[in-house]
């Protein structure tokens, strides 16, 4: 009976993780999976634990976006932002060493061992507009759209660099992933239009 229960838990754990891509220990425990079962699956090379409290298939495909799925699993209310969002949308040449994630101004800062993160605190409006949900490794990941990400880089230019914001603006325009009207709308809504406007107008004139 004990053996059949263990087999049932193993099958359920593997099935759940195959479906969801990445799962937290707390979510697996709520589904009736014993941590000891997960430990054995890791020891046997069936599952992989990329960081504390997270499990995925050991043979899962890993790419740059995979770390975004891991972060989204750990911080489901956060939004991938700034240089990490630019990288996802392929409108930057930067390769950030950490994943940028936006949280509310009063939210508790997440504690994550891996992947490394950089936290940006956004006001209520800035945290809710321009958010799109993408599925990465079967995980819903909230990421700001290209135009909003560009505007945010101008807002956080002291942290990411004005050159990064300008590069994203040019690449967003050339690729047609960020429409000037959308950039202007976000910049006006977030009260940074006076900063963004001359760079946007120059880019449109030079690249147009």
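Numbers below:
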item: Mean projected area in nm² (Cα convex hull; one quarter of hull surface) for segment 92-153; result: 4.9 nm²
item: Between 0 and 90°, nearest 10: helix 2-20 axis offset from the chain longest Cα axis; result: 10 degrees
item: Estimated [θ] at 222 nm from DSSP helical runs (n ≥ 4, -39500 (n - 2.57)) normalised by residues in the chain, nearest 500; result: -15500 deg cm²/dmol
item: Isotropically averaged projected area of the chain, using the convex hull of Cα atoms (one quarter of hull area), nm²; result: 12.2 nm²
item: Simple spin-label estimate for residue 204 and residue 97 in nanometres, 7 Å along Cα-Cβ; result: 3.8 nm
item: Calculated FRET value between residue 174 and residue 77, using beta carbons and R₀ = 41 Å, to 0.05; result: 0.80
item: Angle in degrees between helix 180-189 and the longest Cα principal axis of the chain, rounded to the nearest 10; result: 80 degrees
item: Principal axes of segment 2-57: Cα extent on each, largest first, Å; result: 29, 22, 17
item: Between helix 162-175 and the chain: long-axis angle, C-alpha atoms, 0 to 90°, nearest 10; result: 90 degrees
item: Stretch gain in nm, segment residue 125-residue 159, where the contour uses 0.36 nm per residue and the Cα spacing is subtracted; result: 10.2 nm
item: Per-pair calculated FRET efficiency, R0 = 45 Å: residue 109 and residue 34 via Cβ, rounded to 0.05; result: 0.90
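Just so you know, all these numbers are worked out from the coordinates, no wet-lab data involved. Just so it is clear, the model here is predicted, and its values are computed rather than measured. Virtual Cβ from ideal backbone geometry, glycine too; neighbours counted across all protein chains shown.
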